[in-house]
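Engineer: Questions regarding the structure given below will be posed in turn.
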Amino acid sequence: MLAKTSKSAKTTEGRPGFANTPGSNEDVRFRDVFLNDTTLRDGEQAPGVAFTRREKIEIAEALAAAGVPEIEAGTPAMGDEEIETLRSIVSLKLPTRVMAWCRMSEDDLMAAVASGVGIVNLSVPTSDRQLAGKLGKDRAWALEAVTRIVSLARTLGFEVAVGGEDASRADPDFLCRLAETARAAGAFRLRLADTLGVLDPFSTYALVRRVAAASDLELEFHAHDDLGLATANTLAAVMGGARHASVTVAGLGERAGNAALEEVAIALRQTARAETGITPAALGPLAEQVSLAARRPVPRGKAIVGADVFTHESGIHVSGLLKDRATYEALNPELFGRGHRVVLGKHSGLAAVEKALADEGIVVDVARGRAILERVRAFAVRTKATVPSEMLLRFYEDTFTEAALRLRRSTVGSAT
């Protein structure tokens, strides 16, 4: 089984890191923030999403190739098919840690044994509402279950993370007690789950700070996007002391989804200068792969991976962009294996028309450029679409035809 990671591990530069983990093809690299991708577990719980075994294996391979250090690959308690899929993923010996999600029960743990994984996330409700309403249990039961099942998991050789379900609605004092109970039983990490997606960044920061101050257990934050705050809350959790973040590709997940892998990785890099080990250029193809398997198209405006995130139409923006790319691009598209794109539409200006024509080897004067721009805007309103290059060339040719007709009428008028 996999060795326990150490919270005190440091990189040579003194940044927070994670101990090397034997049992995989290569040691887990030191990182500022350690991402756990749960696309194959929580992502697949999105309504209507059902991956085949082959799709799960291929997604696991793509996640590992992108630099994701830990994958929550499934739920063994679902049965033999899921167990065999997990075994197939483990057998690949990818340069990533493979985790299984389990309830805090002996039966789930035994199913995990059959799956061959080395790490388990043992989930237990932490709010009074879930303990009583779902299980008919109380806090004392939760603490006893953590002690008993975590101890058993350690005896079986597992590395253990405890998942605090509905932590966002739990008593913070109880979460602190749960953390210490989990640590004493042999767990190395506590996942604080905002299961219903009800937190905001300020309350997230305060909650994580509170638990981090009470325990030296490593903390992970698991966000849901019901209020559109999953990524923001994840960043706040990191600022509060969490060094593990749960994510899914393109935010795929139950209800409104989860914190998006690509958003969290790049936002941490841009705003906190924190590294996750993720390869930015792999994020777009990864999102497309998961999108196809899930049969859920990536929105064109989806942060980081959407088709339009480096596309510009507005005349003011394009004019500035053509002079200095930094005026309207915070992220370098080349980092993601892409380039910026200028399209023509209702809000385009003369500079965009001139640039598009220049790309076709055509130079026009201001008068002809403005005439073409009028046609561009009218086309965009009529079709509710951008103007393709062949239509732009037709507009260019039309201006010559109109100019010739005006000249002819002028000549005929003079002769009479």
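The values are calculated or read from the model by the stated rules, or taken from the named source; none is laboratory data. Source: prediction; values computed, not measured. Note that each Cβ is placed from the backbone with ideal geometry, even for glycine, and that neighbours are counted across all protein chains shown.
Engineer: Just to confirm my filter: which helices (runs of 4 or more DSSP H) fall fully inside region 105-215 and include at least 3 residues that are more than 21 Å from Thr75 (Cβ to Cβ)?
Structural biologist: 139-155, 172-185, 201-214
Engineer: Right, another one. Take the residues of region 91-139 that are more than 21 Å from Ala187 (Cβ to Cβ) and touching a residue at least 12 places away in the same chain (Cβ under 8 Å): which is surrounded by the fewest Cβ atoms within 10 Å (Cβ to Cβ)?
Structural biologist: This residue is Ser91.
Engineer: Report yes if Val298 is more than 12 Å from Asp37 (Cβ to Cβ), out of contact with any Leu (no Cβ under 9 Å at 6 or more places or on another chain), among the β-branched types (Val, Ile, Thr) and not in a helix (DSSP H, G or I), otherwise no.
Structural biologist: In short, yes.
Engineer: Checking Val150 against (1) farther than 23 Å from Glu70 by Cα; (2) touching a helix residue (DSSP H, G or I) at 6+ places or on another chain (Cβ under 6 Å): exactly one of these is not met. Which one?
Structural biologist: Answer for Val150: the failing condition is (1).
Engineer: Let me ask something else about it. Could you check, for region 341-356, whether at least one of its residues is within 30 Å of Thr231 (Cα to Cα) and crowded, with 17+ Cβ neighbours inside 10 Å?
Structural biologist: Yes - at least one qualifying residue is present in region 341-356.
Engineer: If you check Leu344, Leu331, Leu335, which single one turns out to be outside any helix (DSSP H, G or I), touching a residue at least 24 places away in the same chain (Cβ under 8 Å), outside the structural domain of Glu288 (by TED's automatic domain parsing) and within 30 Å of Thr279 (Cβ to Cβ)?
Structural biologist: Leu331
Engineer: Tell me yes or no: at least one residue of region 303-312 is aromatic (Phe, Trp, Tyr) and in a loop (DSSP other than H, G, I, E, B).
Structural biologist: Within region 303-312, one or more residues are aromatic (Phe, Trp, Tyr) and in a loop (DSSP other than H, G, I, E, B).
Engineer: Can you confirm whether Pro285 is surrounded by fewer than 16 Cβ atoms within 10 Å (Cβ to Cβ) and not in a helix (DSSP H, G or I)?
Structural biologist: So Pro285 fails the test.
Engineer: Can you tell me which residue within region 357-374, out of those that are charged (D, E, K, R) and not in a loop (DSSP other than H, G, I, E, B), is farthest from Lys346 (Cα to Cα)?
Structural biologist: Asp359
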